[in-house]
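These notes are about the structure you will find just below.
The values are calculated or read from the model by the stated rules, or taken from the named source; none is laboratory data. Just so it is clear, the model here is predicted, and its values are computed rather than measured. Please note: Cβ atoms are built from the backbone with ideal geometry, for glycine as well, and neighbour counts cover all protein chains shown. All accessible areas refer to the heavy atoms of the entire protein, side chains included, with ligands and DNA or RNA removed. Shrake-Rupley method; radii C 1.70, N 1.55, O 1.52, S 1.80 Å.
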Amino acid sequence: MPQPKSVAIIGAGIGGIATAIKLAKNGFDVTVYEKNPAPGGRVSQTIREGHRFDLGASIFLMPEIYRDTFASLDIKLDEFMEFLPVTTLYQLYFDDGSVLDFTKDEKKMEAQLEAIEPGSYRMMKAYLDKGYGFLQLGLSKLLGRNFYHLFDFVNLANVGLLIKLKAYLRHQTFVTRYFRHPHLQMAFTFQNIYVGQSPYEAPALFSMLPAAELLEGSMFPKGGMNRIVSKLVEYAERLGVKFVCNKPAARILTDNRRATGILFEDGSRIAADILVANADLPYVYSDLLPDKRPAARINKLNHACSAIVFHWGIDKLYPGLAQHNVFLSDRYRQCLDTIFKDKSLSEDFCFYIHSPVRTDSTAAPEGQDSLSVVIPVGHLDTSKDQNWIRILSMARAGVISRLKKLGLEDLEDHIKFEICYLPGTWESMFHVSRGATFGSLGHNIMQMGYFRPHNRHNRYGNLYFTGGSTHPGNGIPLVLLSAKLTSERILKEQVSVSPVE
Ligand SMILES: Cc1cc2nc3c(=O)[nH]c(=O)nc-3n(C[C@H](O)[C@H](O)[C@H](O)COP(=O)(O)OP(=O)(O)OC[C@H]3O[C@@H](n4cnc5c(N)ncnc54)[C@H](O)[C@@H]3O)c2cc1C
């Protein structure tokens, strides 16, 4: 009997784990090498004094993509793990003290929207309809398929597609066709930041994000987002996948037009028939591969924004906060331009707070709270004068002062401990290029589809990529899609038998 082909995956992020599962199911001998002590990457978690924090992802976006991609791994998502319902998708807080409960409850939305701008509920329906149409079309023609050749992407049909997806129009311009009130414009565009982009620069097709949220709704995995990782790892191990943690790769070994194996930082080496890099793609090109020219080209690409994150263990519960809270600034444009153009943080910045105990009481000791505060900031840029100590203290003071206005006057006295992530932490901990943790590569139209760095290396035909910086993009749902597409490509190119369904 022939030996199964060996696959070595660098990185146990969501992309690496999902790829490992699909390949193991198809008879490959898969080993995943991870630099950190545990799998998960940007969906890792930490627990301190009974407080549990998801280090990165906290919103279960686009459940239908999870269902479809899990189904391709023979997993029925809703039976695989326990989910808790999330009724208020977010609470949005504006500078004038007003609050918008962003919810699937249509009656509640209608009352709130009509109070802000008469006629806006009908316009919201039209906006969501259009956005959801973008999602469906985008999934079938742009995000959910592999592009093997330039002409798969650049052809007459796709010119029509890009027009239908309003790729030529900025998201912020698009939203003004539906809402005049600035609070509504903000409420239906800020989701762009999930993929590290400004709505003033992103194409209109990203209206698919609020549309998917309001039409598909949301839920939360009991035990936190990292539960998705632990369940997938258990499943992968049952299929024979081996995970080797604390094993940073130092170099991908190559021989002419093939990748032959991995040299690790501890000096050991392994050989493999196929390599998959789940570590962030620009980092893999610049640090693990020998060819400097493609690395330099990729390094010049537009990068997403980064984030400062505070995880606070709080010894009391503050009523009033929802599970997902978004604080928006009336100086929205300035706030976004400071992040994306100046690569810094403005004084009146926007931020997000995750408080999972509202849905999942296991996230903190009884009567206490675990808050994660995410503040989008510019990515690391050596051409800018970035004083991270100053930016950090401004960010902390700004959040505390904003929360005081909301009635959390004594918050500082109740922070038992603080864990803080800066752009440099994302870079050193997970090797995310420029610490641009919502990417790392940006998602403008010239960096999507065939134009995004490909999921197979041009020179080394057995070296593949999966994760946020290859096709189709970042955010867990797209990374799951990336794993699906990369696995399909490997099955198409590296085996002659048809894949197991
Ligand atoms: C603050 C924050 C909030 C977010 N919020 C959301 C959200 O609410 N919803 C959502 O869907 N998404 C969210 N995201 C995005 C989401 O977390 C990412 O899209 C996703 O986790 C990326 O997965 P990945 O597999 O591409 O990469 P990663 O998770 O980065 O995995 C890559 C892995 O490779 C490992 N690695 C790197 N170099 C090496 C090496 N040399 N050797 C071995 N291993 C290596 C890394 O340690 C890491 O484990 C958020 C991200 C952040 C940071």
Quiz prompt | Reachable lysines, given that their alpha-carbon falls under 16 Å from the alpha-carbon of Lys107 and they are not under 8 places away in the same chain | solution = Lys125
Quiz item: Percentage of Cα-Cα pair distances in the stretch 438-501 greater than 19 Å, rounded to whole percent?
Solution: 32 percent
Practice problem: Measure off, as a whole percent, the carbon and sulfur share of the 1.4 Å-probe accessible area of the stretch 162-283, all protein chains present. | Solution: 48 percent
Quiz item: What do you get for Rg/Rh over the stretch 231-354 if you use C-alpha atoms and the Kirkwood form of Rh?
Solution: 1.12
Exercise. Measure up Lys231/Lys341; Lys222/Lys484; Lys35/Lys231; Lys76/Lys164; Lys292/Lys341 against 31 Å on the Cα-Cα distance and list the ones that go over.
Key: Lys231/Lys341; Lys76/Lys164
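Please label the shape of the stretch 193-247 as rounded, prolate or oblate, based on the square roots a ≥ b ≥ c of the eigenvalues of the alpha-carbon gyration tensor (a/c under 1.5 means rounded; beyond that, a/b larger than b/c means prolate, else oblate).
prolate
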Quiz prompt | P(r), alpha carbons of the stretch 420-462 - 10 Å bins starting at zero, rounded % | solution = 27, 34, 33, 6, 0
Exercise. With an 8 Å cut-off on Cα pairs and a minimum separation of 6 or more residues, tell me the relative contact order of the chain in percent.
Key: 23 percent
Exercise. With θ set to phi - 60°, apply the Karplus curve 6.51 cos²θ - 1.76 cosθ + 1.60 along the stretch 199-214 and write out the HN-Hα couplings as whole Hz, x wherever there is a Gly or Pro.
Key: x, 6, 10, 6, x, 4, 4, 6, 5, 5, 5, x, 4, 5, 5, 6
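At 1.4 Å probe size, with the rest of the protein present, what percent of the exposed accessible area of the stretch 25-85 is carbon and sulfur atoms?
Summing carbon and sulfur atoms, their accessible area is 49 percent of the total for the stretch 25-85.
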Quiz item: How far is helix 120-138 tilted, in degrees, relative to the longest principal axis of the Cα atoms in the chain, given as a value from 0 to 90 rounded to the nearest 10?
Solution: 0 degrees
Quiz prompt | Residue-by-residue Karplus 3J(HN,Hα) for the stretch 63-73, coefficients 6.51, -1.76, 1.60, Hz, glycine and proline x | solution = x, 5, 5, 4, 4, 5, 6, 5, 4, 5, 9
Practice problem: Return the aspartates and glutamates within reach of Lys384: Cα separation strictly under 12 angstrom, same-chain partners fewer than 8 residues apart disregarded; answer none if there are no such residues. | Solution: Asp342
Practice problem: Please give the helix 14-25 orientation as an angle from the longest Cα principal axis of the chain, in degrees from 0 to 90, rounded to the nearest 10. | Solution: 40 degrees
Practice problem: Enter the per residue convex hull volume of the chain, computed from alpha-carbon coordinates, in Å³ rounded to the nearest integer. | Solution: 145 Å³
Quiz item: What is the projected area of the convex hull of the Cα atoms of the stretch 66-116, averaged over all directions, in nm²?
Solution: 5.2 nm²
Exercise. Could you state the accessible area per residue of the chain in Å², with a 1.4 Å probe and every protein chain left in place?
Key: 40 Å²
Quiz prompt | Portion, in percent, of the accessible area of the stretch 339-464 that falls on carbon or sulfur, probe 1.4 Å | solution = 49 percent
Self-check item: Relative contact order (percent, whole number), the stretch 289-431, Cα cutoff 8 Å, 6+ residue spacing
Solution: 34 percent
Quiz item: Counting Lys +1, Arg +1, Asp -1, Glu -1, what net charge surrounds Gly160 among other residues with beta carbon under 14 Å of its beta carbon?
Solution: +3
Self-check item: Other-chain or far-sequence residues with amide H under 5 Å of Ala259's (modelled H)
Solution: Gly461, Asn462, Leu463
Self-check item: Among beta bridges that DSSP assigns inside the chain, antiparallel share in %, nearest 5
Solution: 70 percent
Quiz prompt | With Cα atoms, 0 to 90° folded angle of helix 226-238 axis to the chain main axis | solution = 20 degrees
Self-check item: the stretch 233-353, relative contact order in percent, only Cα pairs under 8 angstrom and at least six apart counted
Solution: 14 percent
